[in-house]
1. At what distance in angstrom do the alpha carbon centres of the range 92-115 and the range 25-73 lie from each other?
2. Enumerate the calculated ³J(HN,Hα) couplings along the range 96-101 in order (Karplus 6.51 cos²θ - 1.76 cosθ + 1.60, θ = phi - 60°), each rounded to whole Hz, writing x wherever the residue is Gly or Pro.
3. Using helices alone, what [θ] at 222 nm do you get for the chain, with -39,500 (n - 2.57) per DSSP H run of 4 or more residues, divided over all residues and rounded to the nearest 500?
4. Tell me which label goes with the value of Kirkwood radius over Cα pairs in Å computed from the coordinates here: [x] 15.1; [y] 14.4; [z] 16.3.
5. With +1 on the Cβ of every Lys and Arg and -1 on the Cβ of every Asp and Glu, and nothing else charged, how large is the dipole of the chain about its Cα centre, in debye rounded to the nearest 20?
6. Any idea what the relative contact order of the chain is, in percent, if you count C-alpha pairs under 8 Å spaced at least 6 apart?
7. Please identify, among Ala34, Ala84, Ala26, the residue showing maximal mean-square fluctuation in a Gaussian network model of the chain using a 10 angstrom Cα cutoff.
8. Can you tell which of Leu71, Leu92, Leu33 shows the greatest fluctuation in a Gaussian network model of the chain with Cα springs below 10 Å?
Amino acid sequence: AGIGECYLEMQDFEKAQSYFEQSIEAYPENEILAYNVGEIYFSNQKIDEAIQYFTISTQVMPDWPPPYLKLGYVYLNKGDYGNAEVNFKKFLEMNPNSPEAPTVQNILDYIAKIK
């Protein structure tokens, strides 16, 4: 994963993705690897793939907030407001004092208005 992170820093997303995916095959229980692959897919607007990897991250480490935040944004981007709301709420429950909390609450307020 270290090589993948270097490629990610250099913004060579294709090589980073390749290394992260190889690492996931070797270490399927690593939530950070799954999260990083989800980030790459999301940044490339590959929404369904991003959902898959962020979800893996939540399954491996259910009490780690970052993938719930990302799933909220991915589902919001997809127009799936129900799943966006579920994941944003989960993130806020786990991390209410996060710097992202006010933004997430504003998004939840918006979703509540359009439902």
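Every number in this text was worked out from the coordinates using simple rules, so none of it is lab data. A quick note: this is a predicted structure, and the numbers were derived from the prediction, not measured. All Cβ positions, glycine included, derive from the backbone under ideal geometry; neighbour counts span all protein chains shown.
1. 20
2. Computed from phi, the couplings for the range 96-101 are x, 9, 5, x, 7, 4 Hz.
3. -24500 deg cm²/dmol
4. Label [y] holds the value from this structure.
5. Once rounded to the nearest 20, the dipole reads 520 debye.
6. Answer for the chain is 15 percent.
7. Per the Cα network of the chain with a 10 Å cutoff, Ala26 tops the list.
8. Leu92
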